[in-house]
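I have placed the structure first, in the form of structure tokens, so that the comments after it can refer back to it.
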Amino acid sequence: MPLPVLDVKNLVLWYRTRKGPVHAVDDISFALEAGQTIALVGESGSGKTSTANSILRLLPKNVLRYEGEVVFDGQDVMEFDNEEFRKVVRWRGISMVFQGAMNALNPTTRVGSQVAEPLIVHYDIDRREAADQAIEALGKVGLSGDIARRYPHELSGGMKQRVVIAMSLILKPKVVILDEPTSALDVMTQTNIINLLKDLKNTEHLSYIFITHDLGLASELADLVGIVYAGQLVEVGPAEGVFVRPKHPYTGKLLASVPRLRSEAAPDFIPGVPPDLTDPPPGCRFHLRCPVSFEKCGWSAPEFIEQVKLLQISEETKDKVPAIEAMKAKDTQTLLIKPVANGTIAEFAQRLTSFIAQDQETYRFLKSVESVQSKAKVVEVKLHEAMPPPLIGADWRASCWLLEAGGS
Amino acid sequence: MRTKSGIAAGAMLGFLILLAVFVPILAPYNVVQAWNDPGAWTNNPKLAAPEWSEIFSGKHLPRTILLASNGEPGGFDKVRISFNVSGQTYTIVVLRKSFSFQFDTFPSEIKLFMTAVFGNATGTQIRVFWDRPDGQEIHLFDGNPSVRAPYENTYSLTGPSFKDPSYAVYSSVRDWLIAKNVTNQTEWASLYPTSGGIYQNPPQTQTMLMGRLNRTILDPETAEVLKGNYSFRIEFSGFTPTDDANARAVVYGTVFGLAGTDYEGRDLLVALLWGAPVALAFGVAGALASVLIQTILGAISGWYGGFIDEFVQRTADFYLIIPTLPILILLGILYHLGILLILFVLVVFGVVGATTKVVRSIVLQVKEEQFIEAARSYGASRSRILFRYILPRVMPYTFALIALTVPAFIFLEASLSFLGLGDPSLPTWGHILGDAYTQGALFASRAYPTGLWWWVFFPAAGIIFTTVAFALLGYAFDKVLNPRLREQ
């Protein structure tokens, strides 16, 4: 197995905010071999762009934690000081095509000098020679040299995107991070750009980190796919595998959400909203929205109380839930329930146990109950321990407790 | 720039710049240096309206007539004889000059300046005669020159001062009028009563010297101008062979030049013309310096953030509450600042301010844009990003602001000069307005029923013209920056 050109290990990037730390990138690892493309796919706000930024050390001021290993070309570049990092990694080793290329060009600079700018910044190079190289780079992305004298606002979206790609290639990097390179373009232009990227990959021997939420484009370009959810990689593996037989329930739901022309089935959706990254759920971060969650997935007492309250206020379900006066979390995995004064505590415990047994396939959080015990005035409900699932597998890994059991 | 305001601003500024270029040629700097030397302006009438203002009165108003010996135009004819009688040398100099007076009103003043060379003997004398077109000759006065050449003995033939020969002229005129039976002693005394030796209501001798010889001559309101050739005859007698005399006489008009004169007889056109380059240079230099410094500091503050940001912004807050004008007034009183020093102080008190804050807010916006992050990602240094990426984005706004700040500086300089705290050596527009104000230029008087309007009007018009030009330029820039304004 060849040495990976980029090996990201346990990358962590937390931001400090007034609400508390944001776990934007929380222990992400993947490896990329020369000439390979990994697509990082996920919902908005899942941490895809933060992952890219942390690889290029493009950090905002409010960084709280930034650690892990980024091994590029055999060196751990996280150890580099800023100047060394600038000289070795920035654009010379890893370059980036930014999200929304429309705005990635300086509106007051001509396209030619913009493309040549990294050259001028990195090498003490003659202005004319830089301009020649810029024209050459523009040629590689299929733009004629006279574009160099234009200003960005004179170009179309697709042309601007090509300019940005030309700029990312000017220092001949090994890895190019493509952060949603086609998101603001029409479908025809998207296809053109993707074809261009494919060609460049072969002619320039590039590796791509392709960040997108468009599964179609990802399948077009990617060798590997990494599914990002709530700051973590929940599944990473070969594209043909992940897209055909996803191992993680989230990947499955994501694929099911893509509308299909020839299928009768309506596109599926995932209930709920992505979790708040200032306070990510314990256990598997997807368990709150997961259709197949079970005992080990990591429900906590406050989440349990929240879910019970939801059942209480819903018109359909409020009659099923035993009458409760108050609920209180004792610790993360234990909660106390005080019934409405109507019969004994033991009777209430009985009602509760039967409700749990009856409805746990419908309301999967009920599966997390380990035991129900009657106390003097309250019922104590113990939940299963919350443990984040590890990435299971070798070349194709996914983090789901179901995989441990052997099923999928 | 093709907007109406842009074209207007261009035309107005073009005119001002042409003016600024040609003024030093038309009126060299030594004219300005002479501004504060009252002796340099004795040939000009005081408080004279612009010449063209006579079209409103419908009369041909008198211009100034300068008669001078020593080869100057309109020089006196001169005869000098020196002779010896029984050991005593006598030197007689006769100076004579006639001039034509064809105007509809009387001159404002008539003055005679004499330079004389004479020995120590007492009795050196000048006798001055006045010949009228109607053949009358008035012996104006006899006098003894008190200072020797090159200094001039000044004799006002019309002024009311008791100390100068007008007293003698007054008596001569009175005696002449009584001799011609135009008036008598009693009537004269009732017309011009005396009190303590000083005339309470002095006669305007020029109306009597140059009026038609009849009853109307007694009242300046009704006196008619006798047009024709008048002449001065001056007889000088001294007692050494080297004695000599020369004369200069000025018949002052009531109108002068294009812009009139002030209370010192200074040509206001000079001040008006010199005001343009001074105001332009002061306004543009001040606005450029302070706005550019504020822009750069604002950009640095917004871009680097942290302590620098805090420091610059708090300093700006502090500077914003400092009242610059009172401080300048204080400094002006204590140190009599020159114009360059005033500019320096203004720029020092304007290194941070409102522009710093506005530019910072623009930079905070620009710095979040993608191309800045892109520049960071390919390793452009912070200062390179500031100067190559951020400042070019802020500059268009800055240009508009410079144009709009120029008037503020012009006004400030004018305010200081108006208060008498500006550069005392330069006749700036504000300076002229200040003079006009202290001399009460806008109060109507019997002699000037409309006040000394030209003294106030031209410098004020200059200030307004320049500020409007720059304001229009600023609006034109503004329309370039905010295309939505173009629709309205």
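Yes/no matrix, rows are residues, columns are (1) assigned to a helix (DSSP H, G or I); (2) out of contact with any strand residue (DSSP E or B) (no Cβ under 6 Å at 6 or more places or on another chain); (3) farther than 30 Å from residue A:55 by Cβ; (4) of a type in the set (Val, Ile, Thr):
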| position | (1), (2), (3), (4) |
| --- | --- |
| B:376 | yes, yes, no, no |
| B:385 | yes, yes, no, yes |
| B:399 | yes, yes, yes, no |
| B:406 | yes, yes, yes, yes |
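Taking the listed residues B:410, B:342, the one that is buried (at least 24 other Cβ atoms within 10 Å of the Cβ) and more than 14 Å from chain A (Cβ to nearest Cβ) is B:410, with no other qualifying.
Please indicate, with yes or no, whether at least one residue in segment A:261-280 is assigned to a loop (DSSP other than H, G, I, E, B), at pLDDT 85 or above, farther than 22 Å from residue A:394 by Cβ and in the same structural domain as residue A:43 (by TED's automatic domain parsing). Taking every residue of segment A:261-280 in turn, none turns out to be assigned to a loop (DSSP other than H, G, I, E, B), at pLDDT 85 or above, farther than 22 Å from residue A:394 by Cβ and in the same structural domain as residue A:43 (by TED's automatic domain parsing).
Just give me the residues in segment B:21-40 being under 19 Å from residue B:455 (Cα atoms) and surrounded by 18 or more Cβ atoms within 10 Å (Cβ to Cβ), in sequence order. Answer for segment B:21-40, where residues must be under 19 Å from residue B:455 (Cα atoms) and surrounded by 18 or more Cβ atoms within 10 Å (Cβ to Cβ): B:31, B:32, B:35. State yes or no: is residue B:475 in a helix (DSSP H, G or I), among the hydroxyl-bearing types (Ser, Thr, Tyr) and over 20 Å from the mean Cα position of the chain (by Cα)? Yes, satisfied.
Among the listed residues A:13, A:40, which satisfies the condition of being on the phi < 0 side of the Ramachandran plot, touching an Asp or Glu at 6+ places or on another chain (Cβ under 9 Å) and in a strand (DSSP E or B)?
A:13
Within segment B:228-261, the set of residues being acidic (Asp, Glu) and modelled with pLDDT of 90 or more comprises just one member, B:235. In segment A:387-408, the count of residues that are at pLDDT 85 or above and within 13 Å of residue A:300 (Cα to Cα) is one or more.
Here residue B:403 fits the description: within 44 Å of the chain's Cα centre (by Cα), in the same structural domain as residue B:468 (by TED's automatic domain parsing) and surrounded by 22 or more Cβ atoms within 10 Å (Cβ to Cβ).
Within segment A:83-112, restricting attention to residues that are of a type in the set (D, E, K, R) and in contact with a helix residue (DSSP H, G or I) (Cβ under 8 Å, 6 or more places away or on another chain), the residue that is farthest from the other protein chains (Cβ to nearest Cβ) is A:110. The selection criterion, being in contact with a strand residue (DSSP E or B) (Cβ under 8 Å, 6 or more places away or on another chain), at pLDDT below 90, hydrophobic (A, V, I, L, M, F, W, C) and farther than 17 Å from residue A:123 by Cα, does not hold for residue A:72.
Look at (1) within 14 Å of chain A (Cβ to nearest Cβ); (2) free of Cβ contacts under 8 Å to residues at least 60 places away in the same chain and you find that residue B:440 fails only one, number (1). When segment A:64-96 is filtered for residues that are surrounded by 14 or more Cβ atoms within 10 Å (Cβ to Cβ), on the phi < 0 side of the Ramachandran plot and in a strand (DSSP E or B), the ones remaining, listed by number, are A:64, A:65, A:66, A:69, A:70, A:71, A:72, A:75, A:90, A:94, A:95, A:96. Looking for whichever is free of Cβ contacts under 8 Å to residues at least 12 places away in the same chain and not assigned by TED's automatic domain parsing to the domain that holds residue A:24 here; the options are A:326, A:357. Which one fits? Exactly one residue qualifies, and that residue is A:357. Out of A:184, A:148, one residue alone is under 22 Å from residue B:390 (Cα atoms) and either surrounded by 14 or more Cβ atoms within 10 Å (Cβ to Cβ) or modelled with pLDDT under 90 (or both). It is A:148.
Among the residues of segment A:106-120, those identified as of a type outside the set (S, T, N, Q) and in contact (Cβ under 8 Å) with a residue 40 or more places away in the chain are A:107, A:110, A:111, A:115, A:116, A:117, A:118, A:119. The residue list B:293, B:321 contains one member that is crowded, with 18+ Cβ neighbours inside 10 Å and not small (Gly, Ala, Ser), which is B:293. For segment A:23-31, the count of residues that are within 14 Å of another protein chain (Cβ to nearest Cβ) and of a type outside the set (Gly, Ala, Ser) is zero. If you filter segment B:367-394 down to residues that are within 12 Å of another protein chain (Cβ to nearest Cβ) and in contact (Cβ under 8 Å) with a residue 40 or more places away in the chain, you find that the one that is surrounded by the most Cβ atoms within 10 Å (Cβ to Cβ) is B:390.
Has segment A:138-154 got at least one residue that is more than 16 Å from residue A:192 (Cα to Cα), away from chain B (no Cβ under 13 Å) and touching a residue at least 40 places away in the same chain (Cβ under 8 Å)? Within segment A:138-154, one or more residues are more than 16 Å from residue A:192 (Cα to Cα), away from chain B (no Cβ under 13 Å) and touching a residue at least 40 places away in the same chain (Cβ under 8 Å).
When A:186, A:223, A:214, A:179 are checked against the criterion of being over 30 Å from residue A:23 (Cα atoms) and of a type in the set (D, E, K, R), a single residue qualifies: A:186.
Does residue A:65 satisfy the condition of being within 14 Å of chain B (Cβ to nearest Cβ) and not acidic (Asp, Glu)? Against the criterion (within 14 Å of chain B (Cβ to nearest Cβ) and not acidic (Asp, Glu)), residue A:65 does not qualify. Flag set for residue B:298, criterion: surrounded by 17 or more Cβ atoms within 10 Å (Cβ to Cβ), closer than 30 Å to residue B:368 by Cα and in the same structural domain as residue B:451 (by TED's automatic domain parsing).
The values are calculated or read from the model by the stated rules, or taken from the named source; none is laboratory data. Because the structure is predicted, anything quoted here is derived from the model rather than measured. Methodologically, a virtual Cβ is constructed for each residue, glycine included, from the backbone with ideal geometry; neighbour enumeration extends over all protein chains shown.
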